[in-house]
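The values are calculated or read from the model by the stated rules, or taken from the named source; none is laboratory data. Worth saying up front: this structure is predicted, and the values here are computed from it rather than measured. Here the Cβ positions follow ideal geometry from the backbone for every residue, glycine too, while neighbour counts run over all protein chains shown.
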Amino acid sequence: MDVNEVLLPGVGLRYEFTNADRDHIAIVARREGTFEVSRYASDDPDEAQPLFRLTADEADTVAEILGAPRIAERFADLTKEVPGLSAGQIAVPAASSHAGKPLGHTRARTRTGASIVAIVRGDHVIASPTPDEVLRPGDVLVVIGTHDGINGVRQIIES
Amino acid sequence: MHTSLALLLELGVILVGLSVLGAAARRWSFSPIPLYLLAGLALGEGGIAPVSAAGEFVEVGASIGVVLLLLTLGLEFNTAELTHSLRRHVPSAVVDLVLNATPGAVAGWLLGLSWPGVLALAGATWISSSGIISRLLTDLRRLANRETPAVLSVLVMEDFAMAIYLPVLVVLASGGTWWQALIGVLIAIGSVTAAFVASHRWGHHVNRWLAHPDDEQLMLRVLGSTLVVAALAELVSVSAAVGAFLVGLTLTGTTAERARAVLAPLRDLFAAAFFLAIGFAVSPADLLPALPAALALAVIGILTKVATGWYAARRDRIAVRGRLRAGTALIARGEFSVVIMSLAGAASPGLGPVVTAYVLVLATIGPLLTRWSGDWRWARRTRVRGKA
């Protein structure tokens with residue numbers, strides 16, 4: 001799919017694309033974090049008919065609704081493409097000896113070969129965390145590696 | 001502490017009155033600026049209800065208002081957006097300048113203004129009000145329209161041109177021989193260039209000091225340093241407004257964004273004082289004789305801005321209706337025409353009434369025309385009737 005990006009000086013950015021139903025859709029991302037979604041009129045190719053506006057919070061929620069299943073799917077696609085590779089999610093229990101310690105302390109990759117590619121903490125995601133990222137109880141680690149590798153990380157974290 | 005009862009009362013009544021006027025203006029989605037000017041005319045000397053006690057505050061507030069208007073103009077500014085606009089729309093900016101400054105210059109010459117007055121009137125007819133227009137495009141939900149980038153590009157380049165135009169105007173208006181003017185112009189251009197280089201090379205140091213995480217600290221630091229720079233600029237006769245504009249230019253990124261947010265209410269208050277003060281300074285008796293000239297200029301100003309917008313939109317391959325929308329969007333003149341007048345006013349006494357009347361007309365009619373240009377119901381109706 002082609003998405004056109006147009007700079008709106010002093011306002012922000014406009015993204016436009018055509019969906020499968022041949023609707024021409026525009027999304028204006030304003031500098032202050034709000035969004036406006038419109039569709040171009042059929043009789044005037046330049047006139048946008050406003051559909052709705054989103055505040056920054058609303059846009060986050062919509063992005064999550066649209067994004068979360070897609071991200072999971074992408075991981076599934078990735079692991080399908082490479083034989084032997086899989087993805088797993090491991091929760092950090094409160095009793096874990098690694099809770100409150102930096103990620104690097106687990107030495108997970110050195111010991112198992114599996115990589116921790118993201119930490120899901122509450123409603124936000126830390127993508128490719130650094131070794132000094134401190135783990136908290138309740139964090140969910142997204143791990144990519146072999147089956148054995150992921151199980152190895154699970155044992156380390158849950159010990 | 002002695003509190004002036006009259007001051008508090010008058011000021012309070014004025015602010016409440018302005019809020020009523022502003023709400024009415026917003027209700028019909030046109031700019032409150034002409035109403036503020038009219039309120040100033042009514043309250044000033046020779047008006048229907050002269051205020052004496054609040055007058056002093058309004059005078060002081062007005063000079064802070066100009067500084068804040070120009071500071072926020074500078075803060076809006078973003079080098080990436082300028083280079084993007086320059087890449088696509090330099091011819092539009094040239095058309096804009098030639099078509100819109102020429103009528104002002106010719107009119108100034110016909111009215112027998114001094115040279116700085118002619119230059120100021122040319123500037124006042126040239127520059128569209130980016131404040132009114134960007135608000136208008138948001139209110140009319142036109143930001144996603146395909147002609148909007150062309151409109152915004154023209155505005156950005158006008159605002160950038162102010163960085164050169166304002167210092168030159170101030171130097172010429174302050175009088176002196178041709179070589180003094182030349183040196184002044186060079187100093188002005190030099191300081192603008194220096195501000196750009198400084199913001200590019202050391203901007204992050206300035207930003208780091210000013211960007212205190214606490215909003216109150218940020219506001220005090222930005223406002224304080226702007227006023228100091230404005231005063232220094234005034235001292236070397238480059239005008240406080242230009243100094244403030246340069247401070248705005250040096251601030252970038254998130255600091256500029258946060259500063260815009262914390263300064264917005266202050267700017268609104270003091271800018272209102274500025275428009276009131278402009279109304280105070282012009283006597284209603286002088287306004288009437290200036291009206292024919294201002295109306296004639298306004299009619300020409302509407303046509304030339306429509307032509308500018310039409311041309312700029314056509315460069316972006318926009319269809320006819322979009323070109324008309326772009327053209328009418330650019331008509332409104334407002335705060336910067338008034339700022340230009342106030343900077344050159346002392347050198348050219350005939351200028352004030354003409355520009356005030358001009359802005360009164362175009363800040364009112366411009367938004368109305370913009371709105372009508374997008375209202376295609378009449379066009380659709382005729383088409384349906386034609387088919388039947």
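Got a number for residues in the stretch A:85-120 being part of a strand (DSSP E or B) and under 17 Å from A:E158 (Cα atoms)? Quick ask: steps written out before the conclusion?
Narrowing the stretch A:85-120 to residues part of a strand (DSSP E or B): A:86-91, A:102, A:115-120.
Restricting the remaining residues to those that are under 17 Å from A:E158 (Cα atoms) gives A:88-91, A:102, A:115-116, A:119-120.
The qualifying residues number 9.
When you look at B:I300, is it away from every other protein chain (no Cβ under 14 Å), at pLDDT 90 or above and touching a Pro at 6+ places or on another chain (Cβ under 7 Å), yes or no?
Values: away from every other protein chain (no Cβ under 14 Å): yes; at pLDDT 90 or above: yes; touching a Pro at 6+ places or on another chain (Cβ under 7 Å): yes.
So B:I300 fits the description; yes.
For the stretch B:59-77, give me the residue count where each residue is away from every other protein chain (no Cβ under 14 Å) and at pLDDT below 85. It would help to see each step written out before you state the result.
Going residue by residue through the stretch B:59-77, those that are away from every other protein chain (no Cβ under 14 Å) are B:59-71.
Those left that are additionally at pLDDT below 85: B:59.
Of the residues in the stretch B:59-77, 1 are away from every other protein chain (no Cβ under 14 Å) and at pLDDT below 85.
Working only within the stretch A:121-137, note down all residues that are closer than 23 Å to A:S86 by Cα and in contact (Cβ under 8 Å) with a residue 24 or more places away in the chain.
So the first thing to find is which residues in the stretch A:121-137 are closer than 23 Å to A:S86 by Cα, and the list is A:121, A:124-131, A:135.
Within the stretch A:121-137, A:P129, A:T130, A:P131, A:L135 meet the criteria.
Of the numbered conditions (1) touching a Ser or Thr at 6+ places or on another chain (Cβ under 9 Å); (2) crowded, with 17+ Cβ neighbours inside 10 Å, B:A39 fails exactly one; give the number of that condition.
(1)
Return the residue satisfying two criteria in turn: it lies in the stretch A:121-139 and is among the aliphatic types (A, V, I, L, M) and at pLDDT 85 or above, and of such residues it is farthest from A:Q155 (Cα to Cα).
Filtering the stretch A:121-139 for residues among the aliphatic types (A, V, I, L, M) gives A:125-127, A:134-135.
From the residues that got through so far, the ones that are at pLDDT 85 or above too are A:134-135.
Details: A:V134: 18, A:L135: 15 Å.
Checking each candidate, the answer is A:V134.
Any idea which residue in the stretch A:44-75 is modelled with the lowest pLDDT, counting only those that are among the acidic types (D, E) and closer than 17 Å to A:T34 by Cα?
Going through the stretch A:44-75, the residues among the acidic types (D, E) turn out to be A:44, A:46-47, A:57-58, A:60, A:64, A:73.
Narrowing the set further to residues that are closer than 17 Å to A:T34 by Cα leaves A:57-58, A:60, A:64.
On the way: A:D57: 90, A:E58: 92, A:D60: 83, A:E64: 78.
Ranking the qualifying residues of the stretch A:44-75, first place goes to A:E64.
Quick check, is B:R146 under 30 Å from B:G322 (Cβ atoms), within 9 Å of chain A (Cβ to nearest Cβ) and over 22 Å from the mean Cα position of the chain (by Cα)?
Details: under 30 Å from B:G322 (Cβ atoms): yes; within 9 Å of chain A (Cβ to nearest Cβ): yes; over 22 Å from the mean Cα position of the chain (by Cα): yes.
Against the criterion (under 30 Å from B:G322 (Cβ atoms), within 9 Å of chain A (Cβ to nearest Cβ) and over 22 Å from the mean Cα position of the chain (by Cα)), B:R146 qualifies.
It is to be established whether one or more residues within the stretch B:122-132 are under 12 Å from the mean Cα position of the chain (by Cα), free of Cβ contacts under 8 Å to residues at least 40 places away in the same chain and assigned to a helix (DSSP H, G or I). So that I can check it myself, show each step before the final result.
Taking the stretch B:122-132 and keeping what is under 12 Å from the mean Cα position of the chain (by Cα), we get B:123-132.
From the residues that got through so far, the ones that are free of Cβ contacts under 8 Å to residues at least 40 places away in the same chain too are B:126.
Applying the additional criterion that residues be assigned to a helix (DSSP H, G or I) yields B:126.
Yes, that holds for at least one residue.
(1) surrounded by 13 or more Cβ atoms within 10 Å (Cβ to Cβ); (2) touching a residue at least 40 places away in the same chain (Cβ under 8 Å); (3) hydrophobic (A, V, I, L, M, F, W, C): which one isn't true of B:L21, the others all being true?
(2)
Those residues that are over 30 Å from A:S38 (Cβ atoms) and at pLDDT 80 or above, I need them from the stretch B:146-163; list them, please. Write out each step before concluding.
As a first pass, look at the stretch B:146-163 and keep what is over 30 Å from A:S38 (Cβ atoms): B:161-163.
Correct list: B:A161, B:M162.
Of all residues in the stretch B:85-111, which are surrounded by 16 or more Cβ atoms within 10 Å (Cβ to Cβ), within 15 Å of B:E158 (Cβ to Cβ), touching a residue at least 60 places away in the same chain (Cβ under 8 Å) and among the hydrophobic types (A, V, I, L, M, F, W, C)?
B:A93, B:V95, B:L97, B:L99
Residues in the stretch A:35-69 that are at the interface with another protein chain (Cβ under 10 Å from one of its Cβ atoms) and either within 21 Å of the chain's Cα centre (by Cα) or among the aromatic types (F, W, Y) (or both): how many? Talk me through it step by step, then tell me what you get.
First, the residues of the stretch A:35-69 that are at the interface with another protein chain (Cβ under 10 Å from one of its Cβ atoms): A:36-41, A:43-51, A:53.
Still in the list and also either within 21 Å of the chain's Cα centre (by Cα) or among the aromatic types (F, W, Y) (or both): A:40.
Qualifying residue count, the stretch A:35-69: 1.
Given the condition assigned to a helix (DSSP H, G or I), at pLDDT 85 or above and under 15 Å from B:A273 (Cβ atoms), answer yes or no: does some residue in the stretch B:24-36 qualify?
Yes, the stretch B:24-36 contains at least one residue that is assigned to a helix (DSSP H, G or I), at pLDDT 85 or above and under 15 Å from B:A273 (Cβ atoms).
Check B:S92 against each of (1) farther than 30 Å from B:G17 by Cβ; (2) under 20 Å from the mean Cα position of the chain (by Cα); (3) more than 14 Å from chain A (Cβ to nearest Cβ) and name the one condition it does not meet.
Condition not satisfied by B:S92: (3).
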